[in-house]
Structure formats: C-alpha cells, structure tokens
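The structure appears below as structure tokens.
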Amino acid sequence: MPPTIALSASSSFSLISSSSSSKKSTAFSAFSKPTRTDTFPTSNPRSVRLSNPRPRRSMTIQSAVSIEKETPEAELPDTFLREESSSASSSVRARFEKMIRDAQDSVCRAIEAADGGASFKEDVWSRPGGGGGISRVLQDGAVWEKAGVNVSVVYGVMPPEAYRAAKAASADQKPGPVPFFAAGISSVLHPKNPFAPTLHFNYRYFETDAPQDVVGAPRQWWFGGGTDLTPAYIFEEDVKHFHLVQKSACDKFDPAFYPRFKKWCDDYFYIKHRDERRGLGGIFFDDLNDYDQEMLLSFATEKRKDTPFNDRHKAWQQLRRGRYVEFNLVYDRGTTFGLKTGGRIESILVSLPLTARWEYDHKPEEGSEEWKLLDACINPKEWI
C-alpha cells in the first residue's frame, strides 16, 4: 500500500501517514463534514469509540483530538485561507487553492455539458478552526448516474502517532499534536452506460508545522494524488489513450514518474479478499517532496455514453460496481476512518454509485468480454 497521505476515492479528504520504510499507518479525516463534535483517543486512531450524542459526552483519554463540527455557509468565500504573511509557504497554499477551485469549476461545467440537462447541487461549509470546502454532486442525470467534485482547504491538528508515522520517528519520540494544513480536490464519476468507465481523480497538498514540544522541528510539506479508470468493459484504444495521457503529463516533469506511479496505482487499488484490482489503473503518487516544490505544484479529462447496451451489459456493470463499493468500504483508509470518527455520511460516501449488484459465485464465461475485464483486473497489464 502507498506511503503517507492518501485521498480516499470518496470525497473524504483523509490524511493517511505511513513511512516508506514502515507499514504502519494512521489517518485523520479532514475533508469529510462531521455532524457533531466528539473526541477520539490518539493512542490508536484506527480503533475509535464515539461518544453517545444523547446526552453529549466527551471522552477524557490523555491527549484527545477534537473533531470539529462544520458550519454550512450560504455564499462562496473568495478564499478559505486564513490571513497569513506572504511567505513562500502561504504563496503555495494560495496558488494551490486557486488551482483546485478553478479545476472544480471547469470539471463541473464539462460534466453538466456532457449530461445535457442535470446540474450540480452545491454545499459550502467552513470549519471553526479555519478553512472549509465546497461539495458538488450531480445525481441521476441523462449521462451520469452520479458525479461528485469536491474541494477542501482546511486547518487542523494531527495526532502525534500520525506525525511519527509520517516521519518514521521512533516510538520513543512523543511529540505533541502537530498543526497541519491540507488542500485538495476529489472526484468520482459514475456514468449510466455500462460501456462508459467510472473515473476517479484526486490531488492534494499537505503541510505540517513544528509539533508541540519538539524544539526546532522543521515544517514538512508534500503532494499526493492520482487518476484511475474503472470500466466494466475493455476498449483497448480507450485504455491506451487514458494511460498515454497520464504518461504524457508525467513525462513533462520526470520520465520516471509514469512507470513508478502506474505500479503504485495497481498496488493501491487492490481488493485483497478477491485477489483483483478495482479497475485498470492509472497513476497514484504520494509523499512527493523529493522534487522541487514549484515543479510539483505545476504537475498537480465521455466517449462511450451513446453506445447501445442491453440488460446483460448493465448487470455486469452493476457487479463491477459491487467491487468498487467493496474496495471503498473495506480497504479505502479515508472512507473507513471517516465512518469511525463520526464524519458527515453524505460526504464520506459520495463516491459510491446509486446502484450496485452482488451475485453468488458469479463467474463470467472464459473468453467473453466480461472475462477479459476480470482477467485484466487480476493480472495488471502494461497498456502502452
């Protein structure tokens, strides 16, 4: 599984920290919109007990970190950033926020144009500790069964364990909570036509300040994200085109990016209990801070919507969506952690399709188009 921060396939902007040399990981959900204020113990952020909202209680377990309640907002703010000095760091923050908000606008316009009628529902929210986000969902349109495009720009405090995992620090080091800044865009598009693929992408920027009780610790920053394709049927020219676009974007910055990130994607979107991948891959990267920050800032697009289909095609699409649901609910770290920490359910599960299907012991006929897709999910291919 990939190290450091991973944005879930849902709109939950989950910050998952794990060093490259260690398999330990912790998570802190910052993109989801919690519905109440609770606390959770930082001694084991994967094992969380929420307080009963009736009556409202707060756990007192050593160093607990509060989950803030988000506030709905009536209007879009010009920025979610706090007023800060014009340092190099704040400049990157401002430019990244502008990029993801511009991207959200342009992607939503393109999705609405392709659909030809449906429009996005928008929720704007803010956090008491600073920052906020914009959630946009289009549902049951002519082309799109469900499409979500969300942005988040938030400030918060990371539990000490997340800092130790991110920095591969020893268990003897016990820093206090670590202030962080996180900004990202996340999208999942589920088309109605089974010959059109589901598409997921997310990109994010993350910073930590010096943790409390650690004198002189430097600020850390990194980028992460990726794009992956999850079709029900293989059209080789489409898959090759998708991977060529990813490779072309990567090659502009470093020829080593694409092969590295392609394998990373294949390894991350892996459904262990079925020994198959969720889809046909793409790129996935995380913990990128070993390159120039300016270059990484720069690093960070429906063809088959009218193809005729029948009930058999639709049933197979529903089965593959079942795999999508399984991965998100069982393995996607941001989704599972968001659910455990009382996050806003609508935001956490926005990535899930409206409909999915499970059949007992379903096996496609060998050599069929359905079998070819399953084979490619079990045995990842080099498409270019």
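The values are calculated or read from the model by the stated rules, or taken from the named source; none is laboratory data. Keep in mind it's a predicted model, so treat the numbers as computed, not measured. All accessible areas refer to the heavy atoms of the entire protein, side chains included, with ligands and DNA or RNA removed. Shrake-Rupley method; radii C 1.70, N 1.55, O 1.52, S 1.80 Å.
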- Long-range amide H partners of Ala118 with built H, under 5 Å: Ala142
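Where only protein heavy atoms count, and the probe is 1.4 Å, what is the accessible area per residue for region 92-142 in Å²?
On the way: 2150 Å² over 51 residues.
With the other protein chains kept in place, region 92-142 gives 42 Å² per residue.
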